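The block underneath contains the structure these notes are about, expressed in structure tokens.
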Amino acid sequence: MAFAPLDPLLHNQLRLAVMSLLVAVEEGDFNFLLEKTGATRGNLSVQITKLKEAGYIEVKKTFKENYPNTVCRISRKGIDAFEAYVKAIRGYLSK
Amino acid sequence: MNTDLAPEQSLKLIESMIRQAKRSFQRLSFYFLLWGVLLIAAMLATYLLRDMDPATGKGAPWGVAGFAGGFISMVYGARQGRRERVINAMDGLIGWLWASFVITMIITIAVSLAAHRDPGPMITLLTGIPTFMTGRIMRFRPLIMGGVIFWVAGAVMHFTQDAFTITMIYCAAMVLGYILPGLLLKRMEDGLRTT
């Protein structure tokens, strides 16, 4: 029986962690994601850009108390991709 | 960067991150401590002013506590909102829960005063609902217990007319239902902030 293919964009530890965090909240800023994932600033920034380019998340650059602030929010496309990924993973585990 | 995630690892990572995100509530301990102290002060002042004519200000302590608490809560909430790093859907739910409680409380006070009844026992009883539910949403047992304490205190207060007994029951309920959970919540929030 064929396994459902796993989305290569989500099958990555840091990107999956970011998507899992964002799926559970309305929005989270860069420091929230940094604290929860334990990633480095550079790596997190790269992975956020990849998720944004894929249309999985929306990124808003704002200012908070005079400092730049990056706020991320999961998109409809991102939710669909995340759900498909979880379904595929469950398929692997149930076989 | 690990790209060869096993399915079990993926699922564990997803569960762990979602669990962490769902625990990311706004700081609420401040509100419980603030209102706990203000309402105890209002109750004690009401007891001390018990022989005063209601028309000359027996209800004043509650008015002062309500306005002071409302103003401080709004200022704190606005400042907190600007600093918040994450917006959790549950924060909004908790906010609406307390807003609906405040509306119910105002109606209860108005109706009770019009009927020449003391609104205290009913308000104490009603306080159990948002306290209990906030505890359930946050999975924070001291607040769940706090809600139960308000229910018990509110019920008991209905069966006594003695001002001293009512004051003591109310203050004890505030300490056990707001202040103690507020202190424990503050300790938890401070701990989460440093991890």
Filtered residue count, segment B:106-134, keeping only those that are touching a helix residue (DSSP H, G or I) at 6+ places or on another chain (Cβ under 8 Å) and part of a helix (DSSP H, G or I): 18
Of those in segment A:34-92 that are of a type in the set (Ser, Thr, Tyr), farther than 20 Å from B:SER10 by Cα and at pLDDT below 90, the residue farthest from the chain's Cα centre (by Cα) is A:TYR67
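May I ask you to verify whether B:ILE103 is surrounded by fewer than 13 Cβ atoms within 10 Å (Cβ to Cβ), under 17 Å from the mean Cα position of the chain (by Cα) and in a helix (DSSP H, G or I)?
Working: surrounded by fewer than 13 Cβ atoms within 10 Å (Cβ to Cβ): yes; under 17 Å from the mean Cα position of the chain (by Cα): yes; in a helix (DSSP H, G or I): yes.
For B:ILE103, the condition - surrounded by fewer than 13 Cβ atoms within 10 Å (Cβ to Cβ), under 17 Å from the mean Cα position of the chain (by Cα) and in a helix (DSSP H, G or I) - is met.
So which strands (runs of 3 or more DSSP E) stay within chain A end to end and still have 1 or more residues that are without any contact (Cβ under 8 Å) to a residue 12 or more places away in the chain and within 12 Å of another protein chain (Cβ to nearest Cβ)?
Values: elements: A:27-29, A:57-64, A:67-74.
Because the criterion is at least 1 residues that are without any contact (Cβ under 8 Å) to a residue 12 or more places away in the chain and within 12 Å of another protein chain (Cβ to nearest Cβ), the strands (runs of 3 or more DSSP E) in chain A that meet it are A:57-64, A:67-74.
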Any residue at all in segment B:53-76 that is within 14 Å of chain A (Cβ to nearest Cβ) and either free of Cβ contacts under 8 Å to residues at least 24 places away in the same chain or more than 23 Å from B:GLY182 (Cβ to Cβ) (or both)? no
Within segment B:17-48, which residues are within 10 Å of the chain's Cα centre (by Cα), under 17 Å from B:ARG139 (Cα atoms) and not hydrophobic (A, V, I, L, M, F, W, C)? B:SER29
Which ones in segment A:1-38 are within 28 Å of B:GLY92 (Cβ to Cβ) and small (Gly, Ala, Ser)? A:ALA17, A:SER20, A:ALA24, A:GLY28, A:GLY38
Which of (1) surrounded by fewer than 17 Cβ atoms within 10 Å (Cβ to Cβ); (2) in contact with a Leu (Cβ under 7 Å, 6 or more places away or on another chain) is the odd one out, the single condition A:THR49 does not satisfy? (2)
Select from segment B:63-100 the residues that are surrounded by 15 or more Cβ atoms within 10 Å (Cβ to Cβ) and among the charged types (D, E, K, R) and list them in ascending order. B:GLU84, B:ARG85, B:ASP91
Counting only residues that are surrounded by 13 or more Cβ atoms within 10 Å (Cβ to Cβ) and closer than 19 Å to B:ALA21 by Cβ, how many does segment A:53-95 have? 18
Among residues belonging to segment B:22-37 that are surrounded by fewer than 21 Cβ atoms within 10 Å (Cβ to Cβ) and among the hydrophobic types (A, V, I, L, M, F, W, C), point out the one that is farthest from the other protein chains (Cβ to nearest Cβ). B:VAL37
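The values are calculated or read from the model by the stated rules, or taken from the named source; none is laboratory data. Because the structure is predicted, anything quoted here is derived from the model rather than measured. As a convention, Cβ positions derive from the backbone with ideal geometry for all residues, glycine included, and neighbour counts pool all protein chains shown.
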